[in-house]
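Have a look at the structure below before the remarks.
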Amino acid sequence: MSTAMNFGSKTFKPRPPDKGSFPLDHFGECKAFKEKFMKCLRENNYDNSMCRLQSKDYLECRMDHQLMTKEPLQKLGFKDLMDPPPSQAGKDNKS
């Protein structure tokens, strides 16, 4: 009862990386943003909630340099750090 296993019959099909995987920043295009984020983490005892603005800036840089897929910042958890649309900016001031 010998079964022949022929691995050569299957072809390898490359696929894009899973969500959350992205290329390394080989050219250091976002190094300054990464360093600011890491400095903030060290200064705040690695409490990432204190460094959300630096994290947002770093992710924006990565998206701007095609180092990760462009996603709306709201979808990445930064809705509260977004500027309100100009049409809503003055609605809270009731004069």
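Computed from the coordinates by the stated procedures, all read-outs in this text should not be read as laboratory data. In this text, all values refer to a predicted model and were calculated from it rather than measured experimentally.
Give, in nm to one decimal, the length gained when the segment between S49 and D64 is fully stretched (0.36 nm per residue of separation minus the Cα-Cα distance).
Working: separation 15, 0.36 × 15 = 5.40 nm, distance 2.33 nm.
My answer for the length gained is 3.1 nm.
Please go through the residue pairs K36/K56; K31/K75; K31/K56; K56/K79 and name each one whose alpha carbons sit more than 22 Å apart in this structure.
Beyond 22 Å between Cα atoms: K31/K75.
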